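To start, the structure under review is shown below, and the notes come after it.
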Amino acid sequence: MTKDSTLGRTGGASPRFGLHVSVAGGLDRIFARGESLACGTVQIFSHSSRSWDFSPPDPERLSVYFQARSAASFSDVFIHASYLINMASDDPEIAGRSIAALEKELATADLLGANGLVLHPGSARGGDRSGAVHRAASRIREILDRLPEGKTPLLLENTAGAGSMLGATPEEMASLYSAIGRPLRTGLCLDSCHLFASGFDLSNPDACREIVARFCQGIPGAQPALWHINDALFPRGSGRDRHAGLGEGHIGLDALGHLVSSAAAAGLPMILETPKGEGDEADRLNMRRLYGLAGLPVPERIA
Ligand SMILES: [Zn+2]
Ligand SMILES: [Zn+2]
């Protein structure tokens, strides 16, 4: 379904560029919010990311959401799972809460017809890493087995490499995927800030291709399902997960451009998780830069 009438000024549907947007006021509001910022996709938290307690949307809220979605110029929605979840925890209480929360997140993602649920693989909290990988993978596998009707893939995101966070290297991601063993229900989300913070040099296009290829080994389709495009507030190898606006951090526009142009050529969705200020000026600026990095004209509504 194309709805080019609302996008006449751009001459076609928006590319799959988007932002993490707020669900304030209702899930149905995310489409208008995304359209006003020239998005062709958005990412949301389905509930407060700092709360364990939430219920999947009721039928009434779902119907309003789907009405807004079918009237919108785009329909791709990604959900980022709560940061509280630690699937690798060796604390039985945190593990139990994490399992229940991830199950609800996946059920919610299915109800919303989301394109993917993004999850940080977890933290070993100073303990043995291979034990933590095994705990996270077997819990995730059990949840996926309990949701046989589920459709939304779980996208594991590479991390910034701080301390005990799992998933900063291609090898550790590969061991997670193979231990989960559900290639049709799992995929990869790569974050440019996390790649850089964990030490990868993004300044050379060939090196970028090689890094992405290493992360994609053994992944269905051999491509990331989603990119998070963020600059990094701290220097390469800092291990610190602090995002900056595009061109306002240590990665810089040239290096981000290598990732963006190859992701754009492959038609992959890209989400900005860049800092927001008052109003939407920072979002508009970062979206303009994303269009620019992909070599595409900037839509008038964000010009
Ligand atoms: Zn991210
Ligand atoms: Zn991050």
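So if I check each of L259, L246, L190, which one is modelled with pLDDT of 95 or more, in contact with a Ser or Thr (Cβ under 7 Å, 6 or more places away or on another chain) and outside any loop (DSSP other than H, G, I, E, B)?
L259
Does any residue in the range 13-40 that is of a type in the set (S, T, Y) come within less than 6 Å, Cβ to Cβ, of a residue that is part of a loop (DSSP other than H, G, I, E, B) six or more places away or on a different chain, and which pairs are these?
S14/A38; S14/G40
So which residues in the range 8-60 are at pLDDT below 95, in a helix (DSSP H, G or I) and more than 28 Å from H243 (Cβ to Cβ)?
G8, R9
Which of (1) away from ligand 2 (no atom under 12 Å from the Cβ); (2) more than 23 Å from S82 (Cβ to Cβ) is the odd one out, the single condition E149 does not satisfy?
Going through (1) away from ligand 2 (no atom under 12 Å from the Cβ); (2) more than 23 Å from S82 (Cβ to Cβ) one by one, E149 breaks only (2).
With respect to the numbered conditions (1) touching a strand residue (DSSP E or B) at 6+ places or on another chain (Cβ under 8 Å); (2) over 30 Å from C39 (Cα atoms), which one is the sole condition not fulfilled by V77?
(2)
Would you mind telling me which numbered condition in (1) within 16 Å of ligand 1 (Cβ to nearest atom); (2) farther than 20 Å from A266 by Cα A225 fails?
(2)
Give the residues of the range 290-303 that are in contact with a helix residue (DSSP H, G or I) (Cβ under 7 Å, 6 or more places away or on another chain) and surrounded by 16 or more Cβ atoms within 10 Å (Cβ to Cβ), sorted by residue number.
Residues satisfying the conditions are L290, L293, A294, V298, P299, I302.
Quick one: what pairs do we get from the range 235-259, first residue touching a residue at least 60 places away in the same chain (Cβ under 8 Å), second away from ligand 2 (no atom under 12 Å from the Cβ) and aromatic (F, W, Y), C-beta under 8 Å, 6+ apart or different chains?
Qualifying pairs under 8 Å: L259/W227.
If only one of A174, A162, A207, A197 is surrounded by fewer than 22 Cβ atoms within 10 Å (Cβ to Cβ) and within 16 Å of ligand 1 (Cβ to nearest atom), which one is it?
Result: A162 is the single residue among A174, A162, A207, A197 that is surrounded by fewer than 22 Cβ atoms within 10 Å (Cβ to Cβ) and within 16 Å of ligand 1 (Cβ to nearest atom).
Would you check which residues across the range 254-263 are more than 15 Å from the chain's Cα centre (by Cα) and closer than 16 Å to G221 by Cα and list them?
S262, the sole residue that qualifies.
Looking at this structure, is A232 crowded, with 17+ Cβ neighbours inside 10 Å and closer than 23 Å to L119 by Cβ?
Answer is yes for this residue.
If we keep just the residues of the range 181-204 that are of a type in the set (S, T, N, Q) and within 16 Å of D254 (Cα to Cα), which is farthest from ligand 2 (Cβ to nearest atom)?
Here the answer is N204.
Looking at G218, is it over 20 Å from I79 (Cβ atoms), more than 11 Å from ligand 2 (Cβ to nearest atom) and part of a loop (DSSP other than H, G, I, E, B)?
Judged against the criteria, G218 is a match.
With (1) modelled with pLDDT under 95; (2) over 18 Å from the mean Cα position of the chain (by Cα); (3) closer than 18 Å to A168 by Cβ as the list, and R135 as the residue in question, which single condition is left unmet?
Only one criterion is unmet by R135, namely (1).
Take R288 and tell me if it is more than 16 Å from ligand 2 (Cβ to nearest atom), among the charged types (D, E, K, R) and closer than 21 Å to E157 by Cβ.
no
Which pairs do you get when a residue that is without any contact (Cβ under 8 Å) to a residue 60 or more places away in the chain, found in the range 157-182, comes within reach of a residue that is basic (K, R) and surrounded by fewer than 19 Cβ atoms within 10 Å (Cβ to Cβ), reach meaning Cβ atoms under 8 angstrom, with the pair 6+ apart or on two chains?
Listed by first residue and then by second, the contacts come to S164/R125; S164/R129; P170/R214; E172/R129; A179/R141; I180/R141; G181/R141; R182/R141.
So P121 fits all but one of (1) surrounded by 21 or more Cβ atoms within 10 Å (Cβ to Cβ); (2) farther than 25 Å from L272 by Cα; (3) not small (G, A, S); what number is the exception?
(2)
The values are calculated or read from the model by the stated rules, or taken from the named source; none is laboratory data. For clarity, every value in this text was computed on a predicted model and none was experimentally measured. Methodologically, a virtual Cβ is constructed for each residue, glycine included, from the backbone with ideal geometry; neighbour enumeration extends over all protein chains shown.
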